[in-house]
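One structure below.
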Amino acid sequence: MSAHRLQDALDALKSTRVRMTPQRHAILEFLYESMTHPTADEIYKALEGRFPNMSVATVYNNLRVFKEAGIVKELTYGDSSSRFDSVTSDHYHVICGNCGKIVDFHYPGLDEVETLAEHVTGFKVHSHRMEIYGTCPSCQGEKVNH
């Protein structure tokens, strides 16, 4: 599935006339294969062996291009570094308070929240976001073992 989504993203970039460089392709491929919602620094560290001349600024600049093209979402959770998500459809995130792992969570029933909010407040709602915090199974296992 990620290969199909990656091809759709590449096609979307082509339509915006963004030139596909090897670094740009590698960053995009990493994002679409990763389920970890990586930071720009994590992407840089993962790819620096393949692209020793690539800088962190290159990663940030390409993420900005991808975001503007609508093929990547930037996630901010109040800490200093944004995370990037290649799944741009509406979905939610479950976040481990211990290790910071982020897992996608889909629940279409929550879309009704926007309609209810509009009805109750009179606002014209454009979007909503929800994060659920807990402890991931790996961290739960660590606490049991210590």
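Odds and ends about this structure:
- Mean Cα-pair separation over length for region 20-94, i.e. relative contact order, pairs under 8 Å, 6 or more apart, %: 31 percent
- Applying the Karplus relation 6.51 cos²θ - 1.76 cosθ + 1.60 with θ = phi - 60° to region 92-99 yields 3J(HN,Hα) values of 10, 10, 9, 10, 7, x, 8, 9 Hz, where x marks Gly and Pro.
- Among the helices of the chain, those built from whole DSSP H runs whose Cα atoms reach 15 Å or more along their own axis and whose mean Kyte-Doolittle hydropathy is at least -1.0 are 2-15, 22-33, 56-68.
- Dimensions of the chain from C-alpha coordinates, computed as largest minus smallest value along each principal axis and given longest first, are 51, 49, 30 Å.
- Charge context of SER34, other residues only, Cβ under 13 angstrom, K/R +1, D/E -1: -1
- Counting DSSP beta bridges with both ends in region 71-146, the antiparallel % (nearest 5): 65 percent
- Carbon plus sulfur fraction of accessible area for the chain, probe 1.4 Å, in percent: 54 percent
- For the chain, the relative contact order is 18 percent, taking Cα pairs closer than 8 Å that sit 6 or more residues apart in sequence and dividing their mean separation by the residue count.
- Beta bridges from DSSP with both residues in region 1-136: antiparallel share about 65 percent, rounded to the nearest 5.
- Estimated inter-spin distance, HIS126 and LEU110, nm [label 7 Å along Cα→Cβ]: 2.0 nm
- Nearby lysines by direct alpha-carbon distance to LYS14 (threshold 23 angstrom, same-chain neighbours under 8 apart not counted): LYS67, LYS73
- Heavy-atom accessible area per residue - the chain, 1.4 Å, Å²: 65 Å²
The values are calculated or read from the model by the stated rules, or taken from the named source; none is laboratory data. Everything numeric in this text was worked out from a predicted model, so none of it was measured. FYI the Cβ positions are ideal-geometry reconstructions off the backbone, even for glycines, and counts take in every protein chain you see. The accessibility values were calculated without ligands, DNA or RNA, using every heavy atom of the protein model including side chains. Shrake-Rupley method; radii C 1.70, N 1.55, O 1.52, S 1.80 Å.
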